[in-house]
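Shown next, in structure tokens, is the structure this report addresses.
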There are 6 protein chains.
Amino acid sequence: MIERIKSGIPGLDGILHGGFVKGTNILVSGGAGTGKTICCMQFLHAGAAKYDQPGIFITLEEKPREIRREAKQFGWDFEKLEQENKLIIVDAASSKAGLPTTEPYTLRRGFDISTLAQEIYKATKQIDAQRIAIDSLSGLGIRFESQTAIRNAIFKLASLLGELQTTSLMTSEITGKNGYSRYHVEEFIAQGIIVLYLNEENGELRRSLVVRKLRFSSHSLKVYPIEIGNRGIVIMPGGEL
Amino acid sequence: MIERIKSGIPGLDGILHGGFVKGTNILVSGGAGTGKTICCMQFLHAGAAKYDQPGIFITLEEKPREIRREAKQFGWDFEKLEQENKLIIVDAASSKAGLPTTEPYTLRRGFDISTLAQEIYKATKQIDAQRIAIDSLSGLGIRFESQTAIRNAIFKLASLLGELQTTSLMTSEITGKNGYSRYHVEEFIAQGIIVLYLNEENGELRRSLVVRKLRFSSHSLKVYPIEIGNRGIVIMPGGEL
Amino acid sequence: MIERIKSGIPGLDGILHGGFVKGTNILVSGGAGTGKTICCMQFLHAGAAKYDQPGIFITLEEKPREIRREAKQFGWDFEKLEQENKLIIVDAASSKAGLPTTEPYTLRRGFDISTLAQEIYKATKQIDAQRIAIDSLSGLGIRFESQTAIRNAIFKLASLLGELQTTSLMTSEITGKNGYSRYHVEEFIAQGIIVLYLNEENGELRRSLVVRKLRFSSHSLKVYPIEIGNRGIVIMPGGEL
Amino acid sequence: MIERIKSGIPGLDGILHGGFVKGTNILVSGGAGTGKTICCMQFLHAGAAKYDQPGIFITLEEKPREIRREAKQFGWDFEKLEQENKLIIVDAASSKAGLPTTEPYTLRRGFDISTLAQEIYKATKQIDAQRIAIDSLSGLGIRFESQTAIRNAIFKLASLLGELQTTSLMTSEITGKNGYSRYHVEEFIAQGIIVLYLNEENGELRRSLVVRKLRFSSHSLKVYPIEIGNRGIVIMPGGEL
Amino acid sequence: MIERIKSGIPGLDGILHGGFVKGTNILVSGGAGTGKTICCMQFLHAGAAKYDQPGIFITLEEKPREIRREAKQFGWDFEKLEQENKLIIVDAASSKAGLPTTEPYTLRRGFDISTLAQEIYKATKQIDAQRIAIDSLSGLGIRFESQTAIRNAIFKLASLLGELQTTSLMTSEITGKNGYSRYHVEEFIAQGIIVLYLNEENGELRRSLVVRKLRFSSHSLKVYPIEIGNRGIVIMPGGEL
Amino acid sequence: MIERIKSGIPGLDGILHGGFVKGTNILVSGGAGTGKTICCMQFLHAGAAKYDQPGIFITLEEKPREIRREAKQFGWDFEKLEQENKLIIVDAASSKAGLPTTEPYTLRRGFDISTLAQEIYKATKQIDAQRIAIDSLSGLGIRFESQTAIRNAIFKLASLLGELQTTSLMTSEITGKNGYSRYHVEEFIAQGIIVLYLNEENGELRRSLVVRKLRFSSHSLKVYPIEIGNRGIVIMPGGEL
């Protein structure tokens, strides 16, 4: 019997025929402004606040204080969850930028894929995390010169997630129309792929979502309109575009 | 007289005008989430469980335990087939990731195309395998810097399959719309090409399949809708799109 | 409660559901001639002249005297604001071109990303600036050979803006149709994205604007026609295309 | 008066206004599965079996035994023709793959463009060959690192064919939609170009053929539907699409 | 009050809402055969012959004698203007080609961006030139290996024009459909952009023109049909396409 | 008064408003099989046989004997013209291929752009040639590694043609849809551009021609259907598509 993890996004578990499959890693792919970070925060908040499944947020772009600030906009109190040992935010953004940080979870000795892996491992064990979000894989590129180095880094992170047996979201920001990832390796290592769209239609940008792949489970193949309201992402009822 | 190998995919043998041609290697090409891995598992399971044709699954992306787990979802008991010496799973994924593994068939001395070839050869001889699946050729790229190196690796693998006289599936994950492969060499060395699609149509992703090439045999040129249900891939009856 | 910064562009604050979010950095992306520089000048002028929020204009393309000249066309007296310590123009264009300049705020020791960062820091502190505009990120490429170097420079500038807690506009000139930026890293580091269009329609170029991303806030997803008149950019009333 | 060489493909000679021009080299260009190899075999079989024009098949992809096997599918007995000194198959595939071979005509000292040229020259003289097929030029790329090296190799082969005064087909496998060749040099050195298509139309792949260039002769410019049946390629009667 | 410079092209000054802005540099962008060189000649001829504004023509492609010859076709007597010190043609084409020249204004010590800048400076001062045309920026690429070198050269030329306070046209020949320039830096440094088109419509090439950018001034956004007759470029009356 | 050179292609002189302009160089651009070589031969034959204007054919692809053979197909006796000192064929193809040749005009000391220029110069002076055809510029690429080297070579050839004051055709084979040349420099150095098309329309390839640029002259902008019959290229009467 397949064990499921609730996504925390109203309507998504039905599309996934029951939720994410426990222990898998899911690629959340989309252009700028499609809601990838919100998706991660919502997933972790639901786990920590509703399902007693602590989570780790590894942020490679935004500083932790900005993650907390944005979460608050949706009514998700990350600071409280952190104090209750239900959430850890790993600040990989500061060391990537070469800036100091007062965050407790960070990469003290500079940005390095092994250090990052160790930090993720340590944090996961500390609060017995069941959920992980890495936002975003695309950001790794700034620190690596060659495509091969980036791909190896992504491959190592995915292997670590596989070892930890956590259920994980990894985001990937795409810029063109070719594939579902920036380095064209993210989709290989993902066991599920969710694509978020923000496309113009009749003079307006419209949001939608489709599940393209889900190992170990069937899933809906429909493209669903979504909205980002003041409680986060919601799949629209009636669901079909 | 051409000898045929049953594909194990309901409806596909008719499209192939009798099944795969014995001793050929077939490229299974498609984007993320199109069902390439399932196609391989179904092909090997049918051989091992129904036709007394043992098989080898070389996995370059997923760990063997995940392959077994996913197979189980479709009612295919890979562990039992492995115990009966009807199936061997070669774990090339762990050594590619530089991770330890307890799998019996793996690349102990690190990832290397010659070692991989030897391991395939050894496993094939051990259970007198008639079928081989390599999932996926695209994954080779993570370990090779230059395009030429990757192409040589793919060429060597295909040559080995030619020597072994097994009937083989090789998967290739494509990211754009140019051709049927990632390195644009896979289709040269394949004697057959099956393309799997997962394209949006009226707000829904639809699956389909077409046979584009089949040496030594005629074949249907129609594009067939397919479904992935709880028993694997099925060509839809009535067959034409 | 989210604090808002008035954009100074008639109609835009409504689209932003109240104005820019204080302390964020916004990418203003568009092709040549779409009005990116005007957008920056209008934003800074409004702050300095109406809302008592001093600002810094970092110009990487135009010389300061040209910025002042163009501002005057729209009725914005930059020289007066500079004399009142409400505006500083940092001349990064001259040192980038290797030319002497008599501007007070410039990069005396040659163009260099750390020197630029220091100059921005110094100017910001001097007049307690609340607003910053960098025009344009795309211009950095002339001074850097490798993509990685450019991306690191952009990343560092964005980190500095984050530290300063100013509300910032950064422009990016795009040449093709792939993404919203020139180096495909600008959109990662931006917390908001405004896209300006100048596209042909029935034998005439038409201007429009859309907000694609806005951290910490909801926003309209409509594409709005805009005009550049003798008082700068105006969102057209009736607003929908 | 132009001397003509019968193509052996029913219907094609009419399109060519009498057949291939004696002594020219023709590029047969198309994607995977379009029938390029069959076209070569049919051309050589017709020469050897019907017109007393011995031929050389230089195979860079498939092993000779596979060529013989596929030919047999169409009723073409290559082994018999080889015994009668009407056909020689040069095995360039094995040495390219670094594998041993028991074939009499091969590149014993490893793959090298000069060795290949010598082998072609030797074989041609031995049976006074009138026809040559090289399948495929695209396969050369696996052995050469730089584009310039590949192009020089192709140029040298074409020059050799020019010297030998044989009528030759060279295949080129294209992967995208840009031009008629892989290295964009094949069409320069070809005196004729035949393009084979396998494109989807109404849920079915359809085959067609067009002659795009033919030095020393006029030719039809129509696109003709073709079929590959159990006697090889046939231009469909009624001919126009 | 903005001072204006008459373009000399009938109908264009109206589109520019009064002419070019004095002291700005304008990019004239278009494919081969769109009339960029004619536009430059017409602009300089009008200045020298009608408005008492001497001009400099820097030719990087055509030899001066060809410029004079083509001008004569339109009734513009460049030799007379040169004798009257109202026009100087700087021959940068010969030194770029490594050929000797008898022209008085040339780059004696070989092609080099600093030498070119000095020559432009010297000529400008000598006849107190008010107008400059550089035809074309695209031609610089032949002499520079790296994109960065070309871009620096273009940037330096534009800076010089800025210092000289002349009103300048710079041409850029585009080959594809991406952007308005060849090196994707020309549009950054231009204060105005005029695009010339020569596109097929109903079996005929049609000429048109649009002003895409004009610092310090409003301008028409319409696409205007143009003709090149025996007096040069003319905007067609009735003006809208 | 502009002196004109008759093209020899029925109907083309009218399109050119009187013929080619004496002393200019014209780029003949088109894909494979569009008739570029025939255009050159027809131009030279008309000059030598009808207008007492001797010509030079520089062949970079085909061997001279093949040029002569193809010319004969159209009733043009090149050998006779060569004997009468009205035509010289310079064999640049053999030395480019590294093959020996018995042709009198060739590059004895190996392929080299200076040697080629000298050979062209010598041949031109020897028979007082008025017309030159270079077929093709695209072929230069096989001998040069870097784009800059190729472009310099093309630039030097064009400069030489400018010095010789001959009327010249240069062909360029294009493979994609971007621009009118292979190295994107040919159109800069050409004073005229003729584009030849061979595009599919309703299941048939159709030929057409358009003049895109013609310095020193007006010209028709229409796209004309053409045919290649047994007397060469003919513009179809009634002329408009």
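What follows is calculated from the coordinates using simple rules that are stated; it is not laboratory data. Predicted, not measured: the structure shown is a model, and the values here were computed from it. Ideal geometry is used to build each Cβ from the backbone, glycine not excepted, and the neighbour counts take in all protein chains shown.
Between the range A:71-124 and the range A:162-203, the alpha-carbon centres lie 22 Å apart.
Take the alpha carbon gyration tensor of the protein assembly as shown, find the square roots of its eigenvalues, order them as a ≥ b ≥ c, and report rounded if a/c is under 1.5; if not, report prolate when a/b exceeds b/c, else oblate. It is oblate, given that a/c is not under 1.5 and a/b is not larger than b/c.
Peptide A:67-78 is shielded by partner chain Cβ atoms: per residue, an average of 2 of them sit within 10 Å of its Cβ. If R0 equals 30 Å, the separation of the Cβ atoms of F:T102 and F:N230 corresponds to a calculated FRET efficiency of about 0.50.
For the range E:59-139, the gyration tensor built on C-alpha atoms gives an oblate shape. Its axis ratio a/c (a ≥ b ≥ c) is at least 1.5, and a/b is not larger than b/c. Dividing the mean sequence gap of close Cα pairs (under 8 Å, 6+ apart) by how many residues chain B holds gives a relative contact order of 28 percent.
Go through B:K6/B:K122; B:K122/D:K86; B:K6/B:K72; C:K22/C:K63 and tell me which ones have a Cα-Cα distance over 31 Å in this structure. Violating the 31 Å Cα-Cα cut-off are B:K122/D:K86. What FRET efficiency, computed as 1/(1 + (r/R0)^6) with R0 = 56 Å and r the Cβ-Cβ distance, is obtained for C:E3 and E:E204, rounded to the nearest 0.05? The value I calculate is 0.40.
Normalising the average separation of contacting C-alpha pairs (under 8 angstrom, six or more residues apart) by the number of residues puts the relative contact order of the range F:92-234 at 14 percent.
Within 10 Å of each Cβ in peptide E:193-203, how many partner chain Cβ atoms are there on average? Round it to a whole number, please. Before the final figure, lay out the partial values.
Numbers: counts 3, 0, 3, 0, 0, 4, 0, 6, 2, 4, 10.
What the average comes to for E:193-203 is 3.
The DSSP beta bridges internal to chain A are antiparallel in roughly 40% of cases. Mean partner shielding of peptide B:183-190, defined as the number of other chain Cβ atoms within 10 Å of each residue Cβ, is 5. With label points set 7 Å from Cα along Cα→Cβ, the inter-copy distances at D:K22 are 4.6, 4.6, 8.0, 8.0, 9.3 nm, sorted shortest first. Once each of the trypsin sites (Lys or Arg not before Pro) sitting in a DSSP loop with at most 16 other beta-carbon atoms within 10 Å is removed, chain B keeps B:110-176 as its longest stretch.
From the helices alone, meaning DSSP H stretches of at least four residues, give me the mean residue ellipticity at 222 nm for chain C, per-run term -39500 (n - 2.57), in deg cm²/dmol to the nearest 500. Walk me through the numbers before you get to the answer.
Numbers: 8 runs with 77 residues, N = 241.
Rounded to the nearest 500, it is -9500 deg cm²/dmol.
Remark: label point of C:T115 defined 7 Å out from Cα along the Cα-Cβ vector; separations to the same position in other copies 2.9, 2.9, 5.1, 5.1, 5.9 nm, ascending.
Let me make sure I get this right: for chain C, a, b and c are the square roots of the gyration tensor eigenvalues over alpha carbons, sorted descending. Under 1.5 in a/c it's rounded, otherwise prolate if a/b > b/c, else oblate. Which is it? Please list the in-between numbers first.
On the way: a/c = 1.42, a/b = 1.26, b/c = 1.12.
Rounded shape, in that the Cα axes give a/c under 1.5.
Taking GluC sites (Glu not before Pro) in DSSP loop conformation with at most 15 other Cβ atoms inside 10 Å as exposed sites, chain D has its longest uninterrupted site-free stretch at D:146-239.
Please check which bits of the range A:1-23 a label hung off A:Q165 would reach, taking the label as a point 7 Å along Cα-to-C-beta and the cut-off as backbone N under 11 Å. Those under the cut-off are A:23. Ranked from shortest, the separations from the 7 Å Cα-to-Cβ label point of F:K80 to its equivalents in the other copies are 5.1, 5.1, 8.8, 8.8, 10.2 nm.
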